[in-house]
Every structure is written in structure tokens, then in C-alpha cells.
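Readers should treat all values here as calculations from the given coordinates under stated rules, not as data from a laboratory. Small disclaimer: the values here were computed from a predicted structure and weren't measured. Reconstructed Cβ throughout: ideal geometry from the backbone, glycine too, with neighbour counts over all protein chains shown.
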Amino acid sequence: MEITTLGIDLAKNVFQLHGVNTIGEKVLSKQCSRKQLIEFAAKLPACLIAMEACGSAHHWARKFISMGHEVRLISPQFVKPFVKSNKNDANDAEAIVEAAIRPSMRFVTVKTVSQQDVLSLHRVRSRIVGARTALINEIRGLLGEYGLVLPQGARQVRSQLLTIVDIKSSELTSHSRALFKDLYEELVAIDEKIKSMDKKIQNLSGCDAQAKKLMQLPGVGPLTATALVASVGNASMFENGRGLSGWLGLVPRQHSSGGKNKLGGISKRGDQYLRTLFIHGARSVLLRIETREDAQAKWLKRLIERRGFNRACVALANKNARVAWALLAREESYRKAA
């Protein structure tokens with residue numbers, strides 16, 4: 001039994017294997033446990049192992065690479081068209097093999113442990129920021145039930161919450177005052193936790209040469225730089241800057257047929273977290289654009305007049321993504337516009 005390509009449908013405990021030979025004939029189809037999978041892969045002669053880029057995929061990819069195998073990770077959306085008939089583990093594993101041997105298929109680069117460390121930090125920080133927003137909204141809603149309205153902005157909630165709660169003429173009772181003080185303490189604790197994570201990310205950006213180069217771009221700070229480096233590495237998975245920009249969902253959505261080209265708004269595909277960081281970074285640049293007179297500032301001012309503020313933000317984010325690809329893939333240095 002000669003297996004040249006092995007497709008694995010990943011799960012927590014039960015894994016479905018589908019192996020084919022050099023001419024694409026099925027030579028293996030079976031289920032195995034986690035322990036059996038490791039033992040089977042260790043004894044298997046070096047071959048191509050394909051998996052969907054899902055939970056634990058990068059862990060298994062690193063393990064199989066250490067055993068001498070070639071590993072290809074495929075986005076699940078590219079595997080789905082190859083599933084025949086009903087969906088089940090066996091059909092999924094077969095579809096993974098079919099997708100892996102397509103000459104035009106695009107694959108996901110295997111992440112290192114250090115990359116996953118940084119991305120884990122970003123994911124946890126993002127969750128905590130969301131929890132802070134939810135807490136602030138809850139405080140506003142509860143205060144509104146007592147006829148108390150805080151000014152807009154998270155900063156206003158932090159600075160004025162205790163003052164408003166202490167107003168004697170309000171409908172607040174001693175119980176509600178104690179409750180809002182507890183919520184304020186919870187908000188302060190969350191702020192401190194976010195500050196601690198920001199400091200860790202700042203330290204990581206200072207130790208990474210690629211992140212340092214990216215932070216020279218206007219609108220790219222430690223958050224965006226470390227997240228991009230951890231997500232794409234040296235950006236060799238993309239042929240050009242437009243490939244990276246398209247992966248981030250910053251290029252127009254296309255629906256063309258019969259020679260008629262139709263472009264819409266941005267596609268919003270790919271990594272939503274990274275796309276958000278790039279756009280918000282660009283927004284911070286445009287908010288201070290009036291104080292600048294360089295070539296980029298003049299271009300952005302004309303763009304704002306012609307297309308509006310929000311479109312100019314996306315345009316700058318798109319440009320930053322393309323420049324970031326050049327800095328990572330070609331190992332170039334950033335040349336600021338005159």
C-alpha cells in the first residue's frame with residue numbers, strides 16, 4: 001500500500017483518513033484515535049498530508065512536519081466544493097485530498113508556536129475589549145432606568161460615573177449606589193488588564209525586526225504590526241501586495257460576467273480583526289491630516305474631498321497593506337513619501 005497523499009478530517013478524538021496513490025486511486029479509508037493517528041503517521045513513509053485549516057490544524061501540521069511529511073493546510077471554503085453527495089467524515093477527508101492535489105489551489109502557511117503565542121494574546125485582548133464595551137453599555141442602560149444619562153464616550157463613563165452616582169437628588173437607593181460602585185471597580189479592573197496586555201504587545205513589537213519596520217508606516221502601531229507578522233510571517237504566501245490586501249478584504253467585491261465588469265464595496269473577506277486594525281489605524285491618520293503637507297497628505301486630502309472620509313480610510317488601509325507586503329516579502333525598508 002503506497003500512499004502519496006493523505007487527507008485527514010480533523011476532530012477532537014476521532015480522525016478520518018483518506019489516502020490515495022500516485023494515480024489518485026483510493027488505497028486507504030479508516031478512522032483512528034489521537035494516539036493511533038500519531039503512531040500511524042510516524043510509521044508512514046514521507047508523503048503529502050492535507051488538512052483543513054481549522055482548530056488544532058497548525059499543531060498537527062508542525063507534528064507531521066517533524067516526522068518528515070509535507071503538509072498542506074486548505075481553507076475550508078475551498079474544500080467544500082469537492083464534497084460529493086452527503087456530508088460525512090469520509091466524504092470530507094476525500095474532498096480534502098481532491099482539493100490538495102489541484103495545481104491552482106491556495107494553501108495556508110503553517111504557523112510557528114511563537115506566532116500562535118502572539119495571536120493568542122491578541123485574541124484574548126480582543127475578547128476583553130469586547131467585555132469592557134458590553135459592561136459600559138450595561139452601565140449606561142441601568143443608569144437610564146433611574147433617569148441618569150452619561151455623555152457619550154467610554155472616557156466619560158470612567159470619569160463621571162462615581163460623580164453621577166453620588167448625586168443626592170437622583171432616584172438611586174443605597175443598594176443601587178453600591179451596585180454601580182461595584183460596576184465601576186469592575187471597569188477599572190478590566191482597564192488595567194487591557195493596559196497590561198498592551199504593554200506585553202509593545203514589548204513584543206520592540207523585539208521583532210519585522211514589526212519595527214511595519215511600525216514606520218503611518219497608521220500602523222504595535223497592535224497591527226505584531227498581529228500581521230504573527231498572521232502572515234514573511235508574507236511569501238502572497239504573490240504581490242494586492243494578494244495580501246485581497247486576503248484582508250480591502251479590495252472591491254467583484255461580480256462580472258459577459259465582459260461587463262462590476263465592482264462594489266470592499267469584499268470584507270479574510271481576517272476581520274486585521275482588517276479592522278488597518279482601517280482604524282488609517283482613520284487615526286486622517287483625523288490629523290490637516291497638520292501635514294507631504295505628498296501622502298495632499299493625496300489623502302484630495303481623496304477625502306472627492307470620495308469622502310470613510311472611503312479615504314479604506315484607501316489608505318489598502319495602500320498600507322500593499323506596502324506592508326513589500327516590507328515583509330522583499331525585506332525592503334520603508335521610504336517615506338516626500
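In this structure, the amide hydrogen of V108, modeled 1.01 Å from its nitrogen in the peptide plane, lies closer than 5 angstrom to those of L73, I74, S75, counting only residues at least 5 positions away or on a different chain.
Can you check what the net charge comes to around A11, using other residues whose Cβ is under 15 Å from the Cβ of A11 (Lys, Arg +1; Asp, Glu -1)? Mind showing how you got there, number by number?
Values: positive: K12, K30, R34, K35, K87; negative: D9, E52, D89, D92.
Neighbour charge sum, excluding A11 itself: +1.
Taking 19 Å as the straight-line reach from the Cα of K212, the aspartates and glutamates in range (excluding those fewer than 8 positions away in the same chain) are D117, D198, E331, E332.
Report, in deg cm²/dmol and to the nearest 500, the calculated mean residue ellipticity at 222 nm for the chain, where each DSSP H run with n ≥ 4 adds -39500 (n - 2.57) and the sum is divided by the residue count. Kindly include the intermediate steps, with their values, before the conclusion.
Working: 13 runs with 187 residues, N = 338.
Result for the chain: -18000 deg cm²/dmol, rounded to the nearest 500.
For K181, the aspartates and glutamates whose Cα comes closer than 17 Å to its Cα, not counting residues fewer than 8 places off in the same chain, are E138, E145, D166, E171, D191, E192.
Give the peptides 274-280, 232-238 in descending order of average Cβ contacts within 10 Å, highest first. Provide the component values of the computation, followed by the final result.
Values: 274-280: 21.0, 232-238: 17.1.
So the order, starting with the most tightly packed, is 274-280, 232-238.
Put simply, the amide H of I49, placed in the peptide plane, has neighbours under 5 Å in L6, E70, V71, R72, leaving out anything fewer than 5 places away on its chain.
When ranked by the protection proxy of mean other Cβ atoms within 10 Å per residue, highest first, what sequence do the peptides 127-133, 223-229 form?
Numbers: 127-133: 13.3, 223-229: 25.1.
The peptides rank, most packed first, as 223-229, 127-133.
Distance cut-off 26 Å, Cα to Cα: go down the list K35/K80; K262/K298; K12/K199; K26/K84 and report the pairs above it. Please list the in-between numbers first.
On the way: K35/K80 28 Å; K262/K298 29 Å; K12/K199 34 Å; K26/K84 15 Å.
In this structure, K35/K80; K262/K298; K12/K199 lie more than 26 Å apart at Cα.
Sorted by mean Cβ packing within 10 Å, highest first, what order do the peptides 190-196, 97-103, 258-264 take?
Details: 190-196: 13.0, 97-103: 17.1, 258-264: 7.9.
Ranking the peptides 190-196, 97-103, 258-264 by packing returns 97-103, 190-196, 258-264.
Which whole DSSP H helices in the chain pass both tests: a Cα extent of 24 Å or more along the axis and a mean Kyte-Doolittle value no lower than -1.0? Write out the running numbers ahead of the final one.
Values: long enough: 113-144 (47 Å, 0.17); 174-207 (50 Å, -0.48); 309-329 (30 Å, 0.64).
Membrane-span-like by this rule: 113-144, 174-207, 309-329.
Please report K319, K199 as a ranked list, fewest other C-beta atoms within 10 angstrom at the top and most at the bottom. Don't skip to the answer; put the middle values down first.
Details: K319 21, K199 11.
Listing K319, K199 from fewest to most nearby Cβ atoms yields K199, K319.
Counting charges near S333 (Lys, Arg +1; Asp, Glu -1) among other residues having Cβ under 14 Å from its Cβ returns a value of +3.
Listed values for segment 71-80 are Karplus-derived 3J(HN,Hα) couplings in whole Hz (6.51 cos²θ - 1.76 cosθ + 1.60, θ = phi - 60°), namely 10, 10, 9, 10, 4, x, 5, 8, 8, 3, and x replaces Gly and Pro.
When you restrict to C-alpha pairs under 8 Å that are six or more residues apart and normalise by the size of the chain, the relative contact order lands at 11 percent. What's the center-to-center distance, using Cα atoms, between segment 201-257 and segment 78-133 in Å? About 19 Å separates the Cα centre of segment 201-257 from the one of segment 78-133. Considering only the Cα atoms of the chain, their convex hull presents on average a projected area of 24.8 nm².
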